[in-house]
Amino acid sequence: MKKVIDVFFVKVLLIVSLFTLITEDKNISFFVNSRVGATVNSCFFSIHLKIDSSFPFKNITGSSGVPTSVYYGDWILLTAYSIANVNQSPRINIYDKQEILYPIDFPEYVCVGPPLSTNLSNFIPRLVIYKNRIPEDMFSIAATSDTTEFSISQASSSFIFFESTLVLGTRTKLFFVRIKYSDLAASSVYLSLASGDLYRSLIVATPFVSLSGKETQLVSFTDHNSTNSFLVNILDPSGEAQIFAICNLLSTNYTGFIHPVYGNPNNATYIGYKSFNNPSTLVISASVVSVGIGKPTLLKTLLYNTPTHAIGGADNIKTYYKEGSGALTFSSFITKTFDSYVVGDEVRYDPFSDYPFGFSDGNYNNITFTKSFFLPTYYPQAIIIFGTTRKDSMAFAPSSDKIAPSVNKLEYIQLSNGKLLTRLNATIGPSGFKEFTISNAMISYTLFSKDLVFNNPLYAIYEKMLPPSRFTLMLKLMNNVRTSITLPSDNPFIPKAKSILFQDLTSFSFDLNNVDLSNNGVWNIVSLNVTNADITQIIPFKLICSDLLATQYKTNEMEWDYLSWDVDKKLYTCNFFMPARMFTGYVHYIINIEGQDVGPSTLSSLFANASLYVSSSDADEMAPIVGSITTLRGELLPNNTQTIGWRFTILDPLNGLESGNLTINSDVDYLGYQFTFGPCDSVDPYKGVYDFNITIDLNICKTQIFSIKELTLRDTSGHFSNSTPSYRSSYYVTNPFINHPDLSLFNIPISCQNLGDNEGPLIFNFKTYLNTIDVTSKNRTMQVYFETSDINGISIRHNPYIYIEDLSLKPTGFKATRVKGYTNTWVSYNTTIEIPYNFALTEKKFGISIYGVADKLMNIKGMSFDQLKNQSGNSIINVKTDDQDVIITNVQRVGTKIFIYGHNFGLDPNMISIKIIVPNTIVTYNRPDFIEFSSIYILIKQFVQLDEFTIQIDKNENNGIKSDSYYFTPPSSKVNQPVYCTGFPPDNEVDPYGQPTDQPITSPPTQKCPKGCGESNNYGYCNNGACFCFYPHSGIDCSSTIVNTTITTPNTTDPTVIVNTIDQQKFESVLSVVALRELKTDSSQIKLYDFVPGNWILISSASNDIYKRYEYVYMLESTNITSIVQIFSQSYNVTFGNQVINIQPSTVKFTFNITSYQFESSLNTLQLVLMASFKSSSSLGSTCSLTDFIDDSSSEYLRIQIQDRSLYGRFIKYAIVEGRETLITNTLLKDYKQSISKPDESQSYIGLNIPYYKNNVQLDPDFSVLIENKSANDHENSICTIKQNKLTGAQIAGIVIGGVVFLVIISAALIFFFSRKGSSPLAIKLKKVISN
């Protein structure tokens, strides 16, 4: 029996065996293909099949359209099309690779027509015209019908033109409307609704009113051609005229961009913008018209050429390649119009935005761009193209990959944080994963190799948080030889992100529909509801209240707001802010429904309260602009310096300036001088006067012309102006120099003596100290050291940057840290950089480049990683992924929800436990408590509501438990306004460490290290006053040696560690934390908390190849102390604050975290007391011991030595207090309790003194057992044993002789004393004896 289909869309799931080779899932939809009146002639079927991938599929025949096939997991997804006559079913033929035919009929689907109806179940016949801020955007209305088959067309020509239709779902259509200038009357729009042979007329009301007797008048028109804009002032007695700018582009009329910025509907100033067109010019005719009922009034016609920008700007190319190096370098001389460069099939646009990356020699007038890149292991061609405007190519031999990538599974998971978790399971061949792109014509999101969360030989899984999907998207997977697979986004078997449907909408409204914004901004709420609401759904929404937001929307950079489910109201709601002084009328908002961004006109055709009207007696939507500019030039001072400057008057008459940024540069200095300022830098925020001054040292400079490079301004309502907008897409934004068409009038030339130096500084002594780094480790930090010098001085203002580079052309940069003690002509930099997680996975290596060094004559210098690799350090770092540490990167709390972000949480929530540690409480969360879970994100609900807590994640793996912890402190509830006062930079050379000296370059100042760290013996090297020792050397001066024959035993009940040596000489050391004390300013104790060993709680333990880790917590009524003990078996770099500390094998490291503490006085300090003991466990005969506390430049050291063995403790001179480095002191407590000082045993107490704090503090000491090169008995202050043995004859003789000599000396001294003048013969003889 046939099944008669009487609905528009049908979805069935059917499992059928076809010769046991094919398994089918079917998803079939159809629409009426042709109809005469009420009679259906044929239907067009879309047939989607899912068959087992083992089936040897070849092709499909019988399809009425081009069939497609794609592999997805264990399936082949087939799409075919079929036309069937009325009362017939569709049919297709599938062939396998042996040309065997598999005919497939679908008898359960029969071509019949849906019932006809002209009833629109949801439609309000009106067109709402709002203040549209999106250039070239169209208005639209929506209609939902009772039937699946209906159409709407424009019945007669009108000023309003219905241009296109979009079908959504089964019963909803969007109709897009343009405002098209013509002599036609602007009145109601007549439409024709058709359903089969049923027709109905519709009249759509428009907002146009009669302007008879109240005609609008053009008061003024100003063309600001240099800033691609124009201003018009219009009088409108009615206050209800609609003002449009209608443009003609290539014979196509469209609505241009014009909107009101000042005034009110009766007297308003409008700003209009001209489109960029790159690189050719188009002629635009723009008509400014006033529209009411009747013929539109032409107010002004503007004819202009679209502004263009020159691109290119590079000459010659030089290529450098050393056979077998794996890297290639090219250099080009470039000009100021330098636009892009290319490597392979990758292009980097606007390279000046990456400055100083790549800029290697010369100055802004004569500059060279240099770039190194790795030759890829896998590439689709045996030749690679590279260069700027001038390009070169090189043949090489990349590896091949014949395995096509395949998508196994794709998931979209809507998260409570407003993001869409995208999870891809893919199989990739040996070339590896390049990217997975989710895109359409407007937006593009990409998963890269760095998003890898799981990998095995069969498949890999990638996860990334993306903004919620707003469009139907194209899905494309690509490997590194550029073989790709595209998934059809309309295939029903491909997962899609959730979206609400128009036909399911039941309500849409604002709490406030008519808002007065004349004086203040207002908070409002938007709400909607749908049938069968999914409470996990979120809906993108944004009030477009400024040109900046409109631009960010077009460039996909806008931060959306989201409607989410309100459990009390049983609605989707979103709070949003409406800034003060928006222009009167319907405002622009965007909401995404059914994959479409729609605005007020669309929703207003469905719901009565969907329009949002505002009023302002005197609006201000104009961004801040510059009124007057005056150049300043001071007198030439006796030291041959001169101050130049610019005085701006900045206008924002109603909202007032909030902030500004100005850059002044010159024709030889691209970087220039940056000024950040705000209203407190002037008396008047509405008409403020601001001075920007630069002091030039004419003793050493280069002749140049200073000019205004860029100015950005923002007012208190968020209106933004920018003097240098992007030209790669339409960027409609006010230029603050709209009243100054020629900024060259304000250039200031400077004449200097020609010193004949056109060479940039030297970059030398480059070091990185390691060859390999694990990019899945918690510790991904490394040190980069280099020095610069120039005979004419180093420009401190030009701070160099360190860049790490993989195959991507997007540079990752770190500002280099200058070392204290530099001179005018020599500067050293020692910088700690953190390598991003999963960085450089494709080639398993990355390069380190340095750019941005400059001398005082503005000659720049940079070196690519290929150029640096010949220096002493390694500029190419290998990458490994062995550690796979659990890492918490951020924790956020919203209400009772805790959002945890990080890496390597895994894919199995059963393996994860989470602890929240608060005073007197530890709360553990396991899988049932996880609201949302992924490898990069976990959401839990906080059981105990406290402001501060430590959160810890433990992951159970085969080789132990991996853990990480994060201390959470809530952000300040106080809204801090930006402080811009004193934001101006000082004179041209900023020196936070005091003035540099003029020592010659041949003797740069250095902070000396003890004994030079044994560098001549390769024991270590001196790094800014501190020794960095190479294993097994250790100690303050690297002269000691690590004892690696130790057994280290941590206590399971408290953070006490016992270290025993197991060589011939046996020693034992005990390390523990014993007390916490509060001290007054005179160091007297007012509170003491002794730590009872049994009260510590061991909350976790873990181990890996590098260290064992134990974490304990001690809960006091006033605070919590967390003690983390790490016992290292390998050398490891640990970052504490901004310092990288090298930890040697056999080292015991403590980390203490102390939460908030209630001090009795803010003048008091807190002291954490540690105990360290060291004793000999074997008979050593005559024995000496020594205890001392040594002060070094960055740390203090405890040394307890017995004979040639020592317990060595390092105490850094700073703590991490409130997240910042804070200086502390460390004290050897000689009078604390019962310190022990014996020849074979010593026990000491050390106090770590913490200044007053509010929230948290972290401390980081470590201990090692060393072999010293000097025995304890060789030190004067050592304590030694005294043996009670009989004296030998030689010893007795020695004593007797010594006694006789002593008596003789005493006698002589007495004689000399009584011979007062020393002139007696005996005295003279004694003098001779003594002198001899």
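The values are calculated or read from the model by the stated rules, or taken from the named source; none is laboratory data. The model shown is predicted, which means the values in this text are computed figures rather than measured ones. Heads up, the Cβs are rebuilt from the backbone with ideal geometry, glycines too, and the neighbour counts pull from every protein chain shown. Protein only, heavy atoms only, side chains kept; ligands, DNA and RNA dropped before computing areas. Shrake-Rupley method; radii C 1.70, N 1.55, O 1.52, S 1.80 Å.
Summary of computed values
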{"quantity": "Qualifying strands (runs of 3 or more DSSP E) (wholly inside region 838-884; at least 2 residues being touching a residue at least 12 places away in the same chain (Cβ under 8 Å), of a type outside the set (A, V, I, L, M) and touching an Asp or Glu at 6+ places or on another chain (Cβ under 8 Å))", "calculated": "845-854, 860-863"}
{"quantity": "Wholly enclosed strands (runs of 3 or more DSSP E) of region 628-715 bearing at least 3 residues more than 30 Å from LEU549 (Cα to Cα) and out of contact with any Leu (no Cβ under 8 Å at 6 or more places or on another chain)", "calculated": "687-697, 704-715"}
{"quantity": "Residue that is nearest to PRO971 (Cα to Cα), among those in region 1242-1255 that are of a type outside the set (Phe, Trp, Tyr), buried (at least 18 other Cβ atoms within 10 Å of the Cβ) and out of contact with any Gly (no Cβ under 8 Å at 6 or more places or on another chain)", "calculated": "ILE1250"}
{"quantity": "Evaluation of THR446 against (1) of a type in the set (Ser, Thr, Tyr); (2) in contact with a Phe, Trp or Tyr (Cβ under 9 Å, 6 or more places away or on another chain); (3) modelled with pLDDT of 95 or more (one fails), failing number", "calculated": "(3)"}
{"quantity": "Sole residue being among the aliphatic types (A, V, I, L, M) and open to solvent by 20 Å² or more (accessible area, probe 1.4 Å), chosen from ILE1202, ILE1190", "calculated": "ILE1190"}
{"quantity": "Region 752-773, subset in a loop (DSSP other than H, G, I, E, B) and open to solvent by less than 20 Å² (accessible area, probe 1.4 Å), residue nearest to ILE1106 (Cα to Cα)", "calculated": "THR768"}
{"quantity": "Qualifying residues in region 86-136 (those that are of a type in the set (Phe, Trp, Tyr) and not in a loop (DSSP other than H, G, I, E, B)) - the one surrounded by the most Cβ atoms within 10 Å (Cβ to Cβ)", "calculated": "TYR102"}
{"quantity": "Long-range neighbours under 8 Å by Cβ, at least six apart or interchain, first residue part of a loop (DSSP other than H, G, I, E, B) within region 890-905, second open to solvent by 50 Å² or more (accessible area, probe 1.4 Å)", "calculated": "THR896/LYS941; THR896/GLN945; ASN904/GLN884"}
{"quantity": "In region 354-369, the residues that are under 30 Å from ASN479 (Cβ atoms) and either of a type in the set (Val, Ile, Thr) or surrounded by fewer than 22 Cβ atoms within 10 Å (Cβ to Cβ) (or both)", "calculated": "ASP354"}
{"quantity": "Number of the condition not met by MET442 [criteria: (1) open to solvent by less than 50 Å² (accessible area, probe 1.4 Å); (2) touching a helix residue (DSSP H, G or I) at 6+ places or on another chain (Cβ under 9 Å); (3) not charged (D, E, K, R)]", "calculated": "(1)"}
{"quantity": "Elements of type strands (runs of 3 or more DSSP E) in region 343-423, at least 1 residues being β-branched (Val, Ile, Thr)", "calculated": "346-349, 366-374, 383-387, 406-414"}
{"quantity": "Candidates PRO679, PRO725 - the one that is of a type outside the set (Gly, Ala, Ser) and either out of contact with any strand residue (DSSP E or B) (no Cβ under 7 Å at 6 or more places or on another chain) or at pLDDT 90 or above (or both)", "calculated": "PRO725"}
{"quantity": "Scope region 545-597; condition among the β-branched types (Val, Ile, Thr), assigned to a loop (DSSP other than H, G, I, E, B) and surrounded by fewer than 22 Cβ atoms within 10 Å (Cβ to Cβ); matching residues", "calculated": "THR555, VAL567"}
{"quantity": "Restricting region 1098-1122 to residues that are closer than 16 Å to VAL886 by Cα, in a loop (DSSP other than H, G, I, E, B) and of a type outside the set (Val, Ile, Thr), the residue that is least open to solvent (accessible area, probe 1.4 Å)", "calculated": "ASN1104"}
{"quantity": "Test set (1) surrounded by 16 or more Cβ atoms within 10 Å (Cβ to Cβ); (2) without any contact (Cβ under 8 Å) to a residue 40 or more places away in the chain - HIS719 fails condition number", "calculated": "(2)"}
{"quantity": "Which numbered condition SER721 misses (of (1) within 21 Å of SER226 (Cβ to Cβ); (2) not in a strand (DSSP E or B))", "calculated": "(2)"}
{"quantity": "Which listed residue, of SER182, SER156, is open to solvent by 40 Å² or more (accessible area, probe 1.4 Å), in a loop (DSSP other than H, G, I, E, B) and either under 15 Å from PRO115 (Cα atoms) or modelled with pLDDT under 75 (or both)", "calculated": "SER156"}
{"quantity": "Matching residues in region 412-424 - criterion: being over 17 Å from ILE538 (Cα atoms) and touching a residue at least 60 places away in the same chain (Cβ under 8 Å)", "calculated": "ARG423"}
{"quantity": "Residues of region 524-541 classified as at pLDDT below 95, open to solvent by 20 Å² or more (accessible area, probe 1.4 Å) and not hydroxyl-bearing (Ser, Thr, Tyr), total", "calculated": "4"}
{"quantity": "Search result, residues across region 490-512 that are among the acidic types (Asp, Glu) and more than 23 Å from SER46 (Cα to Cα)", "calculated": "ASP504, ASP511"}
{"quantity": "Region 276-296 - residue that is aliphatic (A, V, I, L, M) and in contact with a Gly (Cβ under 9 Å, 6 or more places away or on another chain) and, of those, modelled with the lowest pLDDT", "calculated": "ILE284"}
{"quantity": "Residue check, VAL70 more than 30 Å from SER188 (Cβ to Cβ), at pLDDT 90 or above, β-branched (Val, Ile, Thr) and surrounded by fewer than 20 Cβ atoms within 10 Å (Cβ to Cβ)", "calculated": "no"}
{"quantity": "Matching residues in region 858-872 - criterion: being open to solvent by 10 Å² or more (accessible area, probe 1.4 Å) and either at pLDDT below 95 or over 13 Å from ILE763 (Cα atoms) (or both)", "calculated": "MET858, ASP866, GLN867, LYS869, ASN870, GLN871, SER872"}
{"quantity": "Filter result for SER1129 (open to solvent by 30 Å² or more (accessible area, probe 1.4 Å), of a type in the set (Gly, Ala, Ser) and under 27 Å from SER1103 (Cβ atoms))", "calculated": "yes"}
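Residue-by-condition table, conditions (1) surrounded by 15 or more Cβ atoms within 10 Å (Cβ to Cβ); (2) farther than 30 Å from ASN870 by Cβ; (3) of a type in the set (A, V, I, L, M):
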position	(1), (2), (3)
LEU671	yes, no, yes
SER682	yes, yes, no
THR724	no, yes, no
ILE750	yes, yes, yes
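Results for (1) out of contact with any strand residue (DSSP E or B) (no Cβ under 9 Å at 6 or more places or on another chain); (2) open to solvent by 10 Å² or more (accessible area, probe 1.4 Å), shown as yes or no for each residue.
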{"residue": "VAL453", "(1), (2)": "no, yes"}
{"residue": "PRO457", "(1), (2)": "yes, yes"}
{"residue": "TYR462", "(1), (2)": "no, yes"}
{"residue": "MET474", "(1), (2)": "no, yes"}
{"residue": "LEU477", "(1), (2)": "no, no"}
{"residue": "VAL481", "(1), (2)": "no, yes"}
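Residues checked against (1) basic (Lys, Arg); (2) under 24 Å from TYR967 (Cβ atoms); (3) part of a loop (DSSP other than H, G, I, E, B); (4) at pLDDT below 90:
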position: ILE1124; (1), (2), (3), (4): no, yes, no, no
position: VAL1140; (1), (2), (3), (4): no, yes, no, yes
position: THR1151; (1), (2), (3), (4): no, yes, no, no
position: LEU1163; (1), (2), (3), (4): no, no, yes, yes
position: VAL1169; (1), (2), (3), (4): no, yes, no, no
position: LEU1180; (1), (2), (3), (4): no, no, yes, yes
position: THR1187; (1), (2), (3), (4): no, no, no, yes
position: SER1193; (1), (2), (3), (4): no, no, yes, yes
position: TYR1197; (1), (2), (3), (4): no, no, no, yes
